[in-house]
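Just below is one structure, and these are the notes that go with it.
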Amino acid sequence: MNDEVSLLIVDDHPVVRDGLRGMFENAPGFTVLGEAANGVEALERAAALDPDVILMDLRMPGGGGVDAIRELTRRGARAKVLVLTTYDTDSDTLPAIEAGATGYLLKDAPRDELFTAVRAAAQGRTVLSPAVASRLVSAVRTPRNEPLSAREREVLALVAKGTSNREIARELFISEATVKTHLTHLYAKLGVNDRAAAVATAYQRGILG
């Protein structure tokens with residue numbers, strides 16, 4: 001069985017590509033099949049070369065990494081995508097993971113960590129740098145600020161006045177079960193578990209004035 005991991009390196013900076021190529025070519029167990037300077041090129045080269053792992057930068061002129069990852073996932077590409085970038089903000093990490101990236105590392109990762117991550121990605125294991133892992137965990141725990149619907153706002157305003165579910169149902173001409181459904185949805189959107197926390201959070205965020 002061949003344990004060599006074949007790679008495609010995608011980055012818009014030639015110096016970074018050269019550095020990564022040199023690093024992997026000098027390490028046992030890796031073969032660099034090619035390079036690409038943006039997401040569009042990455043799709044072409046991935047189709048032609050069929051690498052085990054694609055090391056993907058995210059922000060590149062001429063075609064970003066997230067779009068390329070999404071397209072690779074849509075095509076059912078065999079390659080695993082390991083994001084290697086300077087950015088660890090939620091607006092970068094979450095879309096990349098959602099698009100289908102197997103892992104996410106920052107460019108300041110030590111060489112051995114990078115080698116281990118590439119081998120793990122080739123086996124389909126998820127690899128996240130500690131900073132990114134903690135961000136993802138908190139993002140999962142803290143729902144994104146999804147806006148409340150008009151009806152949810154109405155329910156919330158009545159809750160803030162101390163109105164019971166039965167009274168809310170009567171006032172809005174809906175069933176009590178529907179009131180409970182609206183409450184469940186707005187709790188999820190606000191990241192809370194009860195009426196009091198919902199009201200407090202809504203005031204904090206300026207939803208209730």
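The values are calculated or read from the model by the stated rules, or taken from the named source; none is laboratory data. A quick note: this is a predicted structure, and the numbers were derived from the prediction, not measured. As a convention, Cβ positions derive from the backbone with ideal geometry for all residues, glycine included, and neighbour counts pool all protein chains shown. What goes into the accessible areas is simple: the full protein's heavy atoms, side chains included, and nothing from ligands, DNA or RNA. Shrake-Rupley method; radii C 1.70, N 1.55, O 1.52, S 1.80 Å.
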- Task: Filter region 26-48 down to residues that are over 19 Å from R78 (Cβ atoms) and in contact with a Ser or Thr (Cβ under 8 Å, 6 or more places away or on another chain), then give me how many there are.
- Result: 0
- Task: Mind counting the residues in region 194-209 that are open to solvent by 30 Å² or more (accessible area, probe 1.4 Å), of a type outside the set (A, V, I, L, M, F, W, C) and within 16 Å of E146 (Cα to Cα)?
- Result: 4
- Only one residue in D67, D18 is more than 18 Å from S6 (Cβ to Cβ) and in contact with a Gly (Cβ under 9 Å, 6 or more places away or on another chain). Which one? D67
- Message: With the requirement that a residue be within 18 Å of A109 (Cα to Cα), surrounded by 13 or more Cβ atoms within 10 Å (Cβ to Cβ) and either of a type in the set (A, V, I, L, M, F, W, C) or at pLDDT below 95 (or both), what does region 8-19 give you?
- Response: I9, V10, V16
- Query: If you take the residues of region 114-126 that are part of a helix (DSSP H, G or I) and without any contact (Cβ under 8 Å) to a residue 40 or more places away in the chain, which of them is surrounded by the most Cβ atoms within 10 Å (Cβ to Cβ)?
  - Reply: A117
- Task: Those residues that are open to solvent by 40 Å² or more (accessible area, probe 1.4 Å), of a type in the set (S, T, N, Q) and either at positive phi or part of a helix (DSSP H, G or I) (or both), I need them from region 160-187; list them, please.
- Result: T178, T181, T184
- Task: Answer yes if at least one residue in region 90-113 is assigned to a helix (DSSP H, G or I), modelled with pLDDT of 90 or more, open to solvent by less than 20 Å² (accessible area, probe 1.4 Å) and under 15 Å from V10 (Cβ atoms), and no otherwise.
- Result: no
- Do we find that D67 is of a type outside the set (V, I, T), free of Cβ contacts under 8 Å to residues at least 40 places away in the same chain, closer than 13 Å to V132 by Cβ and open to solvent by 10 Å² or more (accessible area, probe 1.4 Å) in this structure? no
- Taking region 20-53 and keeping only residues that are buried (at least 23 other Cβ atoms within 10 Å of the Cβ), in contact with a helix residue (DSSP H, G or I) (Cβ under 6 Å, 6 or more places away or on another chain) and without any contact (Cβ under 8 Å) to a residue 60 or more places away in the chain, one is left with A36, G39, A42
- Message: For region 36-56, give me each residue that is in contact with a strand residue (DSSP E or B) (Cβ under 6 Å, 6 or more places away or on another chain), closer than 20 Å to R119 by Cβ and not aliphatic (A, V, I, L, M).
- Response: P51, D52
- Query: Just one of R59, R74, R78 is part of a helix (DSSP H, G or I) and at negative phi; which is it?
  - Reply: R74
- Item | Residue satisfying all of: in region 54-64; over 15 Å from the mean Cα position of the chain (by Cα) and buried (at least 22 other Cβ atoms within 10 Å of the Cβ); nearest to G19 (Cα to Cα) among these | L55
